[in-house]
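The values are calculated or read from the model by the stated rules, or taken from the named source; none is laboratory data. Quick caveat: nothing in here was measured; it's all calculated off a predicted structure. Using ideal geometry, Cβ is built from the backbone for each residue, glycine included, and neighbour counts are taken over all protein chains shown.
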Amino acid sequence: MRIGIDLGGTKIEGIILDQSGVVLEKIRIPTPGQDYQQILNAITSVVTELQSRAASRLSVGIGTPGSLSQVSNTMKNCNSISLNGQPLKADIETQLGYEIRLENDANCFALSEAHHGAGSGAHSVFGAILGTGTGGGIVINQQLLTGPNSIAGEWGHNPVPGSVLQLIEDERKCYCGRSNCIETVLSGSGMSQTHKERSKQSLTAMEIAKAAASDASARETLEIYCAHLAQCLSTVVNLLDPEVIVLGGGLSNIPLLYEMVPAQMSDYVFTDAMTTSLSPPSFGDASGARGAACLWPVGEGSDHERMF
Ligand SMILES: [Zn+2]
């Protein structure tokens, strides 16, 4: 059994996960605003409560926005701004008194789906988040691929392929400081922007998806989004050649993606017949905490003191 915590912008979810992927305990509390100390205290209180429900001390993994810089050991790239520059992992360990593992939430998503979900049994899984932002995680042989910059899988801040650039009207500024990042077309607001450019209507991605059943211009926007996604994912396949791509985030609920995108990707992938599968997630929002629990192998990191 392992503890997994998902630190989100609006809620902190903590679970106890057993070795077969069953959730035994769950706690969910609101994230206390933007105050770092309060967020820190809330995380450790959830962990402490879950530990009190277990017979022995369990390993703890935490999924967060952004990632931990391996140079400064502080948080970076977080959309929850109060975390940036803070030594979150060290502060949690100081409060708890033992070692934890901490990873980006897109990585936790990919790990969760690779261990117990849509990518279960696959040698290689790319988890792609399509939501408020566009992130990704790579799992090879059930192990998260990490790197010296803690950004493996962060395809959302690659520039869009030239073929996608032809499908958008205006330059799109990204919050990262660059222009025309993949996130600016594949995030929810990216889809909204595409729709606005074409129809002059302001709709959210979910409103566009809903309207597509009866509205030709919304349907067209969805089809263009599918073309964007196919072209952006094809670059991932040419580089990684994953067995399974699992989509996550709010936009992964749009069924048309799974109908249209695989065939369109084949036009851009450097092979005769593409066999990579594109799957909806098994766990949706629950993957953050589940994947965080999977940061520790079953049985490792628990039941004994780890000094640091
Ligand atoms: Zn960017």
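Which residues, taken from region 170-221, are basic (Lys, Arg), in a loop (DSSP other than H, G, I, E, B) and over 21 Å from LEU233 (Cβ atoms)?
Within region 170-221, LYS200 is the sole residue that qualifies.
Could you name every one of the strands (runs of 3 or more DSSP E) located completely within region 85-169 that has at least 1 residues being assigned by TED's automatic domain parsing to the domain that holds SER67 and without any contact (Cβ under 8 Å) to a residue 60 or more places away in the chain?
By residue number, 101-104.
Kindly indicate whether GLN86 is more than 17 Å from ALA289 (Cα to Cα) and touching a helix residue (DSSP H, G or I) at 6+ places or on another chain (Cβ under 6 Å).
Considered against the rule, which asks whether it is more than 17 Å from ALA289 (Cα to Cα) and touching a helix residue (DSSP H, G or I) at 6+ places or on another chain (Cβ under 6 Å), GLN86 comes out as yes.
Would you mind stating whether GLY153 is within 13 Å of the chain's Cα centre (by Cα), at positive phi and either surrounded by fewer than 23 Cβ atoms within 10 Å (Cβ to Cβ) or of a type in the set (D, E, K, R) (or both)?
It is false that GLY153 is within 13 Å of the chain's Cα centre (by Cα), at positive phi and either surrounded by fewer than 23 Cβ atoms within 10 Å (Cβ to Cβ) or of a type in the set (D, E, K, R) (or both).
Is region 283-290 home to any residue that is over 26 Å from GLU154 (Cβ atoms) and either part of a strand (DSSP E or B) or acidic (Asp, Glu) (or both)?
The answer is no; no qualifying residue exists.
Can you tell me how many residues in region 64-83 are among the hydroxyl-bearing types (Ser, Thr, Tyr), in a loop (DSSP other than H, G, I, E, B) and either closer than 17 Å to GLN37 by Cα or in contact with a helix residue (DSSP H, G or I) (Cβ under 9 Å, 6 or more places away or on another chain) (or both)?
Final tally of qualifying residues: 2.
Hey, any hits in region 182-192 for a residue that's within 16 Å of the ligand (Cβ to nearest atom), surrounded by 24 or more Cβ atoms within 10 Å (Cβ to Cβ) and of a type in the set (S, T, N, Q)?
The answer is yes, given that some residue of region 182-192 is within 16 Å of the ligand (Cβ to nearest atom), surrounded by 24 or more Cβ atoms within 10 Å (Cβ to Cβ) and of a type in the set (S, T, N, Q).
Out of the residues in region 8-31 that are more than 24 Å from ALA55 (Cβ to Cβ) and touching a residue at least 60 places away in the same chain (Cβ under 8 Å), state the one that is surrounded by the fewest Cβ atoms within 10 Å (Cβ to Cβ).
It comes out as GLY9.
For region 17-49, which residues satisfy the criterion of being β-branched (Val, Ile, Thr) and over 16 Å from LEU102 (Cα atoms)?
Correct list: VAL22, VAL23, ILE27, ILE29, THR31, THR48.
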